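K.L.:
A single structure is presented below for examination.
The values are calculated or read from the model by the stated rules, or taken from the named source; none is laboratory data. The structure presented is a predicted model; accordingly, all values stated were derived computationally and were not measured. Here Cβ is always computed from backbone atoms with ideal geometry, including for glycine, and neighbour counts include all displayed protein chains.
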Amino acid sequence: MSYSMLLSGLSLLTALLFAAALLIGPAGLSPLESLSALVTGQGEAAVLVMREIRLPRAVLAALVGASLGLSGAALQGYLRNPLAEPGLIGVSGSAALGAVIALQTGLAAAHVLALPAMALAGALLAVMLLLLLAGPRGGAFTLILAGIALSALAGALTTLVLNLSPNPYAAADIVFWMMGSLADRSFMHVWLALPFTLIGWLLLAGLGRGLDALTLGEDAAEALGIRLNRLRLGLVLGVSACVGAGVAVAGAIGFVGLIVPHLLRPLVGARPGRLLLASALGGAALLLASDIAVRMILPERDLKLGVLTALLGAPLFLHLIYKTRAEQGA
Amino acid sequence: MTGLSLSHLSVHRGPCPVVDDVTLEVKPGECVGLIGPNGAGKTTLMRAALGLIAHKGDSSIARLSSAERARAAAWLPQMREIAWPVSVETLVGLGRTPHMGPAQRPGPLDRAAIDAALARMELAQFAGRRATALSGGEQARVLIARALAQEAPVLIADEPIAGLDPAHQITTMRIFSDLAAEGRLVLVALHDLGLAARFCTRLVLMHRGRLVADGEPADVLNSDNLARVFGLRAFMAETEDGPVFQPLEVV
């Protein structure tokens, strides 16, 4: 399959799933009713459901999914490791910590944007710490070390907040939030996440050439004219901006950034540069599909999106292990 | 034409010098073998000459901007890294990175360079194969083809023939000496002194970070240098098949 065919296929799939996400929901509107309400603004209840509930939810699923797929592909390419994922550099953990503090202190209840704003602040702090720890020079290894240190610290502080939580309801809120979900999000969330997401995408989209050259290792890539310091800075800022924004509005959603690049890699001839756009589209499609599934499987019980992606991710990994072993003949 | 000129080049790791005040002038058309025992500083010298590590002193290539350097010099590191299962053709095509725009679309010149490099390394039949599925020696040849596809006037290669079968060691050294004959500059670190004596126009001997001998292969590989630097006694003779060098025993 050629690269352009793959991209067209993935775009079509994403568009279809986006349409499906708009048409499926508990309100029981017919597809025709839904679309005419969305476009013409006729029919008060239907317009409310479409414009205020389903549309922002579908937009966020596509945005966050694309961010996760793109970031996963970029990190895997930079670290030359198929097991890298957006959470690795500690930005998601720190964003989650910011959100958890907002929930714990009651700020989240005071204003609807307090939680995502605190999460973004957490992500921003994490980026600054990460760049400080990893230094201006230095390769992939120091970045992983700094990321792991930061993730561990954020994780520990999150548990500390839970531990000291005097109020079981706040603790339950925190636990549910951390599972990741797109339920009850509005366009306010979209407008908050959109600028950071777009900046992140722009930064990451420019890395393809450098990531391709890194196939030969850091030394050879640098001798091919790739400025590795600049590449690393673009990577860290890009991943942080779009993943931080994603965590801020949707909570921590695992496995998408890990599994999507993995699944699509063979279809782009394993080229890290081409994997970027393909993974962004694939991530959007996967998260849209998962969010539809969440609404269809247990419509009454508010099944969390992050739980479903984790449930999907594990068997996919088993399949990968099986395939790898078959290739090795073991 | 681009030459390579190093003056008082030093690299320190902590307090101790790994490369110690090396001054070297190499002109286009020369195929220079960089020899010396393990830890003599050959790799560090080459990386400093390219400007890939912090150094004191001056190197004509390290002085260039990153983009200019990539068009002036191709670097073949000792570590043979192929991170992803890309096709051989794609991998060799990475050598064209400095010549292509940000969109990285290979033009006819790039295609021609890739095909020529594949043909020169006898890899045309491997073009569509996954590079990671090849044997170690085949991967080494693919990586050499990548450096050739870069078509830079200077080629700096760190132990490129280690792990190749004897026929491909000879072919590869022949390619390097042909490149020099075509007017390019080749600096190649080698451990096989026999091949170095046969194919290099000039040898540079390093010992403990210093450049201790520089000249015609027969002059550099004299019994005194061999004993002092390598701890070897060897047989060396000029035959009708060219120079023959064979290490005999450790002294």
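K.L.:
Of the residues that make up the range A:182-191, is at least one of a type in the set (Phe, Trp, Tyr) and within 19 Å of residue A:91 (Cα to Cα)?
P.N.:
no
K.L.:
With the checklist (1) in a loop (DSSP other than H, G, I, E, B); (2) modelled with pLDDT of 95 or more in hand, flag the one item residue A:59 doesn't pass.
P.N.:
With respect to (1) in a loop (DSSP other than H, G, I, E, B); (2) modelled with pLDDT of 95 or more, residue A:59 is out only on (1).
K.L.:
Something else now. From (1) in contact with a Ser or Thr (Cβ under 6 Å, 6 or more places away or on another chain); (2) over 22 Å from residue B:44 (Cα atoms), pick out the condition that doesn't hold for residue B:158.
P.N.:
(2)
K.L.:
If a residue has to be in contact with a strand residue (DSSP E or B) (Cβ under 6 Å, 6 or more places away or on another chain) and over 25 Å from residue B:211 (Cβ atoms) to count, how many in the range B:225-245 make the cut?
P.N.:
Count: 3.
K.L.:
Restricting attention to the range A:129-155, which residues are assigned to a helix (DSSP H, G or I), of a type in the set (Gly, Ala, Ser) and surrounded by 13 or more Cβ atoms within 10 Å (Cβ to Cβ)? Write out each step before concluding.
P.N.:
Here is the first cut: in the range A:129-155, the ones assigned to a helix (DSSP H, G or I) are A:129-134, A:140-155.
Among the residues that remain, those that are also of a type in the set (Gly, Ala, Ser) are: A:134, A:140, A:146-147, A:149, A:151-152, A:154-155.
Matches in the range A:129-155: A:134, A:140, A:146, A:147, A:149, A:151, A:154, A:155.
K.L.:
Restricting to the range B:20-50, count the residues that are modelled with pLDDT under 95 and within 21 Å of residue A:229 (Cβ to Cβ).
P.N.:
The number of residues fulfilling the criteria is 0.
K.L.:
Restricting attention to the range B:71-91, which residues are in contact with a strand residue (DSSP E or B) (Cβ under 8 Å, 6 or more places away or on another chain), part of a loop (DSSP other than H, G, I, E, B) and at the interface with chain A (Cβ under 7 Å from one of its Cβ atoms)?
P.N.:
Of everything in the range B:71-91, those that are in contact with a strand residue (DSSP E or B) (Cβ under 8 Å, 6 or more places away or on another chain), part of a loop (DSSP other than H, G, I, E, B) and at the interface with chain A (Cβ under 7 Å from one of its Cβ atoms) turn out to be B:77, B:85, B:86.
Yes/no matrix, rows are residues, columns are (1) surrounded by 23 or more Cβ atoms within 10 Å (Cβ to Cβ); (2) more than 14 Å from chain B (Cβ to nearest Cβ); (3) among the hydroxyl-bearing types (Ser, Thr, Tyr); (4) farther than 25 Å from residue A:186 by Cα:
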{"site": "A:251", "(1), (2), (3), (4)": "yes, yes, no, no"}
{"site": "A:256", "(1), (2), (3), (4)": "yes, yes, no, no"}
{"site": "A:267", "(1), (2), (3), (4)": "no, no, no, yes"}
{"site": "A:271", "(1), (2), (3), (4)": "yes, no, no, yes"}
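K.L.:
Only one of A:79, A:88 is out of contact with any Lys or Arg (no Cβ under 7 Å at 6 or more places or on another chain), buried (at least 24 other Cβ atoms within 10 Å of the Cβ) and either at pLDDT 90 or above or of a type in the set (A, V, I, L, M, F, W, C) (or both); which?
P.N.:
Of the residues listed, the single one that is out of contact with any Lys or Arg (no Cβ under 7 Å at 6 or more places or on another chain), buried (at least 24 other Cβ atoms within 10 Å of the Cβ) and either at pLDDT 90 or above or of a type in the set (A, V, I, L, M, F, W, C) (or both) is A:88.
K.L.:
Of the residues B:218, B:133, which is modelled with pLDDT under 95 and farther than 28 Å from residue B:19 by Cα?
P.N.:
On inspection, the qualifying residue turns out to be B:133.
K.L.:
Moving on to the next point. Just checking, which of B:103, B:162 is under 14 Å from the mean Cα position of the chain (by Cα), at pLDDT below 95 and among the aliphatic types (A, V, I, L, M)?
P.N.:
B:162
K.L.:
For residue A:202, which of the numbered conditions (1) at pLDDT below 95; (2) touching a helix residue (DSSP H, G or I) at 6+ places or on another chain (Cβ under 9 Å); (3) more than 19 Å from residue A:130 (Cα to Cα); (4) not basic (Lys, Arg) fails to hold?
P.N.:
(1)
K.L.:
Okay, next question. Within the range B:142-171, which residues are among the charged types (D, E, K, R), part of a loop (DSSP other than H, G, I, E, B) and either crowded, with 24+ Cβ neighbours inside 10 Å or touching a Pro at 6+ places or on another chain (Cβ under 9 Å) (or both)?
P.N.:
Answer for the range B:142-171, where residues must be among the charged types (D, E, K, R), part of a loop (DSSP other than H, G, I, E, B) and either crowded, with 24+ Cβ neighbours inside 10 Å or touching a Pro at 6+ places or on another chain (Cβ under 9 Å) (or both): there is none.
K.L.:
Let me ask something additional. Looking at the range B:92-133, which of its residues are in a helix (DSSP H, G or I), closer than 22 Å to residue A:225 by Cα and within 10 Å of another protein chain (Cβ to nearest Cβ)?
P.N.:
Hits for the range B:92-133 are B:93, B:94, B:95, B:96, B:97, B:98, B:99.
K.L.:
When you check residue A:102 against the structure, is it assigned to a helix (DSSP H, G or I), buried (at least 23 other Cβ atoms within 10 Å of the Cβ) and free of Cβ contacts under 8 Å to residues at least 24 places away in the same chain, yes or no?
P.N.:
yes
K.L.:
Do we have any residue at all in the range A:293-302 that's surrounded by 24 or more Cβ atoms within 10 Å (Cβ to Cβ) and on the phi < 0 side of the Ramachandran plot?
P.N.:
The answer is no, given that none of the residues of the range A:293-302 is surrounded by 24 or more Cβ atoms within 10 Å (Cβ to Cβ) and on the phi < 0 side of the Ramachandran plot.
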